[in-house]
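Please read the structure below before turning to the comments.
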């Protein structure tokens, strides 16, 4: 069985494992394994997770999990702001890529942003993450220079909802 649900405080270990696997797969030819592990340890802390959950409770963020056969297997994280919505994370376990799970998570994120009254969904994707670029372009995202972060090698994309 597969479902999408909101993250809770108890999900942090599962999110840490998922992020490590997803980043390790997606960025293996871009960053060193040590850099990826260091990033995950810095970002996926209890403090960071708790701050996100406060924002979820305030209605300025949502953090949804894809659960496959009882296992947290994907995440969609979206910031809501005055300009629209910004997809900050869309991760899956590598073995689930190509099975429609990423599309389900993205559709859920888009629906949640629409329900919150947002008309656009923006994101950043690393310029060397061809898997991500191809996925987002297939899903109707278009290059949008207004949110580029050239210092990190990321490309901005936007979709009208």
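Structural remarks
- A search for C-beta distances below 9 Å between a residue of segment 130-147 that is at positive phi and any residue that is surrounded by 13 or more Cβ atoms within 10 Å (Cβ to Cβ) and at pLDDT 95 or above, counting only pairs 6+ apart in sequence or on different chains, returns 140/159.
- Single match in 117, 98, 102 (criterion: under 24 Å from residue 29 (Cβ atoms) and part of a loop (DSSP other than H, G, I, E, B)): 98
- Residue 51 satisfies every condition listed in (1) touching a residue at least 12 places away in the same chain (Cβ under 8 Å); (2) loosely packed, with under 15 Cβ neighbours inside 10 Å; (3) under 17 Å from the mean Cα position of the chain (by Cα); (4) in a helix (DSSP H, G or I) except (1).
- Scope segment 56-70; condition part of a strand (DSSP E or B) and within 12 Å of residue 5 (Cα to Cα); matching residues: 62, 63, 64, 65, 66, 67, 68
- Filtered residues of segment 142-161 (kept if part of a loop (DSSP other than H, G, I, E, B) and either modelled with pLDDT under 95 or within 11 Å of residue 124 (Cα to Cα) (or both)): 144, 148, 153
- Of the residues making up segment 120-137, those that are assigned to a helix (DSSP H, G or I) and within 12 Å of residue 157 (Cβ to Cβ) are 132, 133, 134, 135, 136, 137.
- When residue 101 is tested against (1) under 24 Å from residue 143 (Cβ atoms); (2) in contact with a strand residue (DSSP E or B) (Cβ under 9 Å, 6 or more places away or on another chain), just one condition goes unmet, and that condition is (1).
- Residue 110 assigned to a helix (DSSP H, G or I), surrounded by fewer than 19 Cβ atoms within 10 Å (Cβ to Cβ) and modelled with pLDDT of 95 or more: no
Listed here are the residues, each with its yes/no results for (1) surrounded by 19 or more Cβ atoms within 10 Å (Cβ to Cβ); (2) touching a residue at least 60 places away in the same chain (Cβ under 8 Å); (3) under 15 Å from the mean Cα position of the chain (by Cα); (4) under 30 Å from residue 10 (Cβ atoms).
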{"position": "65", "(1), (2), (3), (4)": "yes, yes, yes, yes"}
{"position": "78", "(1), (2), (3), (4)": "yes, no, yes, yes"}
{"position": "81", "(1), (2), (3), (4)": "no, no, no, yes"}
{"position": "100", "(1), (2), (3), (4)": "no, no, no, yes"}
{"position": "114", "(1), (2), (3), (4)": "no, no, no, yes"}
{"position": "160", "(1), (2), (3), (4)": "no, no, no, no"}
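The values are calculated or read from the model by the stated rules, or taken from the named source; none is laboratory data. What you are looking at is a predicted structure, and each value in this text was computed from that prediction instead of being measured. FYI the Cβ positions are ideal-geometry reconstructions off the backbone, even for glycines, and counts take in every protein chain you see.
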